[in-house]
Amino acid sequence: MPSFQQQVRALESWRNFPLRTRLDASDGRRVLVTFDDGPDPAPDATPLILTELERSRARALFFCVGEQVQRAPQLAQEIVARGHLVGLHGHRHLRPGALPDAGAELEQALAAFAAAGLPRPRLFRPPYGELTAPLSEAAAQLGLETIGWSAWGLDWEEVPAARIVELVARDLAPGAIVLLHDSARYAPRRSPRATAAAIAGICARARALGLEPELPPSLTGDG
Ligand SMILES: [Zn+2]
């Protein structure tokens, strides 16, 4: 998500369509940490994020891009094997305005997930957070719930880890959904290393507030 203007456009698009930006009350004192744009096999990307999550004993939701899953199917499987959840983040990471057929784009991504042996995702986050009527309707028709966020770390920019922690901590509360990125492929920054380095701090700040970075039953289907 490259610019502030695009950010504003995304948030404005949310008013018009059904989208979840927080967890359910029944999820209690959980916060959901999400990572967009992977899986990315670069050593400073998804593999490092997975290591840091394990070190912090946290589980997260990875919104994977179909074309990234095609490039790294084993890494996509590893995300699931390590106890995390996968959702869908488009097939080619295009803005909805650049999609001639939103349904076909999502179906292509679902096919990539299936070919990689991933469970069929139930959750969708639009690239750039930007929703349009065709995209919103296509997601609903494919049984995908659209998920936004309530906190972010500005981590598509070149932002140091300590700043990512501070930005996220500002909006930590029960039910918060945190937007982060495990790949720099679609971002102006060169590496997601700072995001990986921020994970321990984000988890510590959450736990200091009595919040647990865990998968919520309302989204895993266990609740
Ligand atoms: Zn993205």
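Quick notes
- Nearest-20 debye value, the chain charge dipole, Cβ charges on Lys, Arg, Asp, Glu: 380
- Structure remark: mean-square fluctuation, Gaussian network model of the chain, C-alpha springs under 10 Å; the largest value among 43, 100, 126 belongs to 100.
- Each 10 Å bin from zero holds the following percent of Cα-Cα pairs in the stretch 90-179: 16, 38, 30, 16, 0.
- The modelled label-to-label distance between residue 204 and residue 191, using points 7 Å beyond Cα along the C-beta direction, is 2.1 nm.
- For the stretch 104-173 versus the stretch 16-69, the spacing of their alpha-carbon centroids is 9 Å.
- Annotation: amide H of residue 176 within the under-5 Å range of 23, 32, sequence separation 5 or more or interchain, hydrogens built in the peptide plane.
- For the set 92, 163, solvent exposure ranked by accessible area (probe 1.4 Å, protein chains only) runs largest to smallest as 163, 92.
- Rounded, prolate or oblate (a/c below 1.5 giving rounded, otherwise prolate when a/b exceeds b/c) for the chain by Cα gyration tensor: rounded
- Where labels lie 7 Å past Cα in the beta-carbon direction, separation of residue 101 and residue 82 in nm: 3.6
- Residues with amide H under 5 Å from that of residue 64, placed H, sequence gap 5 or more: 87, 88, 89
- When the chain is treated as a GNM with alpha-carbon contacts under 10 Å, the residue of 99, 53, 135 showing the greatest mean-square fluctuation is 99.
- Per-residue 3J(HN,Hα) values for the stretch 169-175, derived from phi via the Karplus relation 6.51 cos²θ - 1.76 cosθ + 1.60 with θ = phi - 60°, read 4, 4, 10, 6, 6, x, x Hz in sequence order (x marks Gly and Pro).
The values are calculated or read from the model by the stated rules, or taken from the named source; none is laboratory data. Since this is a predicted model, take the numbers as computed values, not measurements. Because the Cβ atoms are built from the backbone with ideal geometry, glycine has one as well, and the counts that use them run over all protein chains shown. We work out accessible area using only protein heavy atoms, side chains counted, and drop any ligands, DNA or RNA first. Shrake-Rupley method; radii C 1.70, N 1.55, O 1.52, S 1.80 Å.
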